[in-house]
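Taking it in order: structure first as structure tokens, then the write-up.
Every read-out reported here was derived from the displayed coordinates using simple, explicitly stated rules and does not represent laboratory data. This structure is a prediction, so every number in the text was calculated from the model and none was measured. Don't worry about glycine lacking a Cβ; one is built from the backbone with ideal geometry, like all the others, and counts go over all protein chains shown.
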Amino acid sequence: MGLIWWIMPSIAGVIGLLLLFAGFGKLANLKPFAGVTRLAFGTAFVGIAGMVAFIGLNIQTYKRLTYERPVAVVKFASVPGQAEAFTADVTFSDGTHLLQADGTQPVFRGDEWQIGARVIKFKPMANILGYDSMYRIEHMRSTNAMQFSSEAVTEGKIDGIRIVTEEPGIDVSKLADTYGSRFGIDAEYGSATYQPMGDGFEYEVSITQDALIARPTEATRTLIQSNSYPGFIPSKQAD
């Protein structure tokens, strides 16, 4: 749908230029009426093309700057016989899965999980022109949220899996950090998002032009609320 804002002014602009050239040709052949008529229509088409292009550019700001892309779907299931241990079924947007070296799904322990990525962010004008932020998922880990409580400070326990273990080829992130400002790159940084972890919890992870977002499904949202507030009944079931 966004392409129409570039196709329409392009067609109008081409028509306008053809009419302008034809008008100048008529004037050169001493046909003033035909020449002026074509020049008038040509100027009008070029003006319309410019106006539509600027309108399209403005409309693009509302969509491109809030554009989101799917990154992964994350599902957790309890490990039988183990407290606060969950297998993670992670499906990335390209259809691949997060697996350990032995081909099995990773197991995380704790009550919160986190996924992190390296992000290369473009400036707003570059976003408007179609350059979206680039990302690379680098790690996924779990923690015990109690270590962050104000009542007790416990030993940090983190289970995690590093998805990118080595830097293949040229390190693009370093190039972006050093020379990116010359090519519309705004910043290069790490972004992470975390959420509660539990049996049956499912999340949809996406990335905006700035950062990762993990949103629970409606069923998971209900599970989180019921775990946080025993006796909780969703409003749509209360009737």
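A protection proxy built from the mean count of other Cβ atoms within 10 Å ranks the segments 80-86, 109-115, 219-225, most packed first, as 109-115, 219-225, 80-86.
Footprinting exposure proxy ranking of 39, 17, fewest other C-beta atoms within 10 angstrom first, gives 17, 39.
For residue 144, the residues whose modelled amide H falls within less than 5 Å of its own, excluding neighbours fewer than 5 places apart on the same chain, are 111, 157. Model label sites at residue 73 and residue 96, defined 7 Å from Cα along the beta-carbon direction, differ in position by 1.9 nm.
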